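**Q** Supplied in structure tokens, the structure appears directly below.
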Amino acid sequence: MTELLEPGVFARRTVLRLALPAAGGLLLAARATQAQAADDVKVTIDNFVFAPATITVPKGTTVTWVNRDDIPHLVVCPSVNVRSKVLDTDQSFAFRFDKPGRVNYFCGLHPHMTGVVVVTG
Amino acid sequence: MGVAGLGDCTGSAVGLATEANDMNGEMIDSDGIDRRGFLRCMSWAGTAVVWTVAAGVPRSGLIGSAQAATEGLRFAQISDSHIGFNKAANPDAVGTLQEAIKRIGAAQDRPAFMIHTGDVTHLSTAGQFDTAQKVISEAGLTTHFVPGEHDILEDDGKSYLNRYGKGTQGAGWYSFDQSGVHFVGLVNVVDLKGGGMGNLGHEQLEWLEKDLAGRSASTPIVVFAHIPLWVVYADWGWGTQDGAQALTYLKRFGSVTVLNGHIHQVMQKVEGHVAFHTALSTAFPQPAPGTAPSPGPKTVPPGELRSLLGTARVSLVRNDTPLAIVDRPLAG
């Protein structure tokens with residue numbers, strides 16, 4: 001549960017602690033985190049463009065890229081050592097960002113295509 | 001695109017003539033003289049261009065091109081076969097490759113060999129490589145390959161290198177000599193950087209410098225790679241980051257021809273003694289730079305497709321009438 005003490009989750013936990021006994025509060029906090037993770041953020045690829053080009057997400061968020069072009073793309077995030085499989089039309093790739101920071105990424109096939117995931121704590 | 005590096009129309013003795021052949025016809029525009037409005041003359045130590053594409057695609061002429069067609073070394077360039085592509089722009093990329101290969105194999109003046117400037121496959125799968133190899137081998141010609149970015153999507157490029165990497169260096173670069181011409185195959189699709197374009201990398205550039213060192217400046221050089229070595233259009237990544245460095249090693253040579261693919265259309269530029277050409281794809285056309293929201297496959301009416309696909313033929317030209325006339329490609 002250590003990671004629940006990170007900034008960003010703190011406010012929610014505080015509210016829960018005020019309202020509920022500690023054990024229940026932690027349980028709800030865990031559920032809240034799951035709900036947050038399930039609420040994935042989607043980045044689409046149309047016309048060789050990542051959209052939105054910059055997204056800001058809380059850590060623990062899974063970002064899913066969906067290729068809607070009729071040419072393959074792939075997602076490369078060097079700073080977190082991630083390289084997706086090649087994404088043909090309508091294929092997608094998901095990655096969960098657990099560490100706060102700014103992650104620049106690009107298309108491994110068409111590197112002029114770039115985007116940013118800003119992961120908050 | 002205009003023709004750059006125009007000079008004073010004086011001389012050279014050895015060169016290469018390039019023809020782009022579309023899949024509808026073999027029209028060679030040999031009139032050369034009539035299209036005054038589009039012609040530029042230049043000093044060109046060798047590399048003479050004959051683009052022959054019907055249906056409005058850019059074409060160029062060369063004085064003495066008829067002669068060139070029957071003399072010397074002739075080889076074919078094929079590019080961007082994208083085996084596995086099946087979208088609207090061309091549901092049958094295997095079929096159009098077969099047509100192109102059949103045309104090359106059946107030519108009266110058969111080329112001595114072929115080069116393939118990459119994107120043999122669409123997704124680097126073993127099946128796609130197998131299909132491509134089967135079709136390409138039907139020409140009955142030795143074929144020299146360089147990879148496109150679509151060929152190295154699996155296992156760090158091993159699926160490509162296992163087939164075509166024998167005797168090559170690094171990610172698959174190499175050189176060879178034929179009929180007095182020095183050929184250099186470069187790889188500019190590996191270790192690409194975000195926001196960048198094609199990339200040769202330090203190791204390959206060092207190798208290139210050594211490969212060229214000590215060769216006579218009168219040796220005709222043909223460099224081929226997938227992504228254009230010159231910057232065609234940076235907004236779409238159509239260029240090579242460190243291509244200029246490679247060109248510094250080529251500057252002293254009297255005749256340099258750079259053959260690329262990647263952009264699925266004919267473009268050409270001349271700078272000093274260096275002529276840059278890009279080839280048609282055999283799979284699908286792409287839009288001219290900046291004319292579409294993206295460089296994605298261009299869907300055209302079925303009757304037009306074959307006029308936008310094709311191959312190129314390149315001939316070694318030896319003559320005493322060095323004047324080359326290159327016309328400005330007619331955009332679109």
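The values are calculated or read from the model by the stated rules, or taken from the named source; none is laboratory data. Remember, it's a predicted structure, so these values are computed and weren't measured experimentally. Glycine gets a Cβ as well: all are built from the backbone with ideal geometry, and neighbour counts include every protein chain shown. In case anyone asks, the SASA skips ligands and DNA or RNA and just uses the protein heavy atoms, side chains included. Shrake-Rupley method; radii C 1.70, N 1.55, O 1.52, S 1.80 Å.
**Q** Report the accessible area of B:R215, computed with a 1.4 Å probe over the heavy atoms of all protein chains in place, in Å² rounded to the nearest 10.
**A** Here the accessible area works out near 70 Å².
**Q** Using per-residue counts of other Cβ atoms within 10 Å, averaged over each peptide, order A:90-100, B:94-104 from highest down.
**A** My ranking of the peptides, most packed first, is B:94-104, A:90-100.
**Q** Using a 1.4 angstrom probe, figure out how much accessible area the stretch B:156-208 has per residue, in square angstrom, rounded to the nearest whole.
**A** 44
**Q** For the pair B:T142 and B:A244, how long in nm is the line joining their label points, each one 7 Å along Cα→Cβ?
**A** Distance between label points: 3.7 nm.
**Q** Regarding the stretch B:92-223, what is the average projected area of its C-alpha convex hull, in nm²?
**A** 9.4
**Q** Across 10 Å bins from 0, what is the distribution of all Cα-Cα pair distances for the stretch B:178-248, in whole percents?
**A** Pairs per bin, as whole percents: 19, 50, 25, 6, 0.
**Q** Could I ask something else about it? How big a patch of accessible area, both sides summed and in Å² to the nearest 100, lies buried between A and B at a 1.4 Å probe?
**A** For A against B, buried area totals roughly 1600 Å².
**Q** Would you tell me the mean number of C-beta atoms belonging to other protein chains that fall within 10 Å of each C-beta in B:114-127, as a whole number?
**A** Neighbouring Cβ atoms belonging to other protein chains average 1 per residue here.
**Q** Let me ask something additional. How well do other chains shield peptide A:109-118, expressed as the mean number of their Cβ atoms within 10 Å of each residue Cβ?
**A** Mean shielding count: 5.
**Q** Here is a follow-up. What's the average, rounded to a whole number, of partner chain beta-carbon atoms within 10 Å of each residue's beta-carbon in B:187-197?
**A** 4
**Q** If packing is taken as the mean number of other Cβ atoms within 10 Å per residue, what is the order of B:167-177, A:46-56, B:236-246, highest first?
**A** B:236-246, B:167-177, A:46-56
**Q** Given points 7 Å out from each Cα along the Cα-Cβ axis, report the B:V231 to B:E304 separation in nanometres with one decimal.
**A** Output for this residue pair reads 3.0 nm.
**Q** Of all accessible surface on the stretch A:40-120 at a 1.4 Å probe, what whole percent is carbon and sulfur?
**A** 52
**Q** Taking R0 as 22 Å, what FRET efficiency do you get between B:N86 and B:D155 from their Cβ-Cβ distance, rounded to the nearest 0.05?
**A** Computed FRET efficiency for B:N86 and B:D155 comes out at 0.40.
**Q** Shifting gears a bit: For B:K134, which lysines qualify as cross-link partners when the Cα separation must be under 30 Å and same-chain residues fewer than eight apart are set aside?
**A** Straight-line reach from B:K134, under 30 Å: A:K85, B:K87, B:K102, B:K158, B:K166, B:K298.
**Q** Please give the residues from the stretch B:202-236 for which the solvent-accessible area of heavy atoms, probe 1.4 Å, is smaller by at least 30 Å² with all protein chains in place than with the chain isolated.
**A** Listed in order, there is nothing to give; none.
**Q** Run the 1.4 Å probe and let me know the accessible area of B:W207, rounded to the nearest 10 Å².
**A** 50
**Q** Set the Förster distance to 30 Å, then compute FRET efficiency between B:T291 and B:R163 from the Cβ-Cβ distance, nearest 0.05.
**A** It comes out at approximately 0.25.
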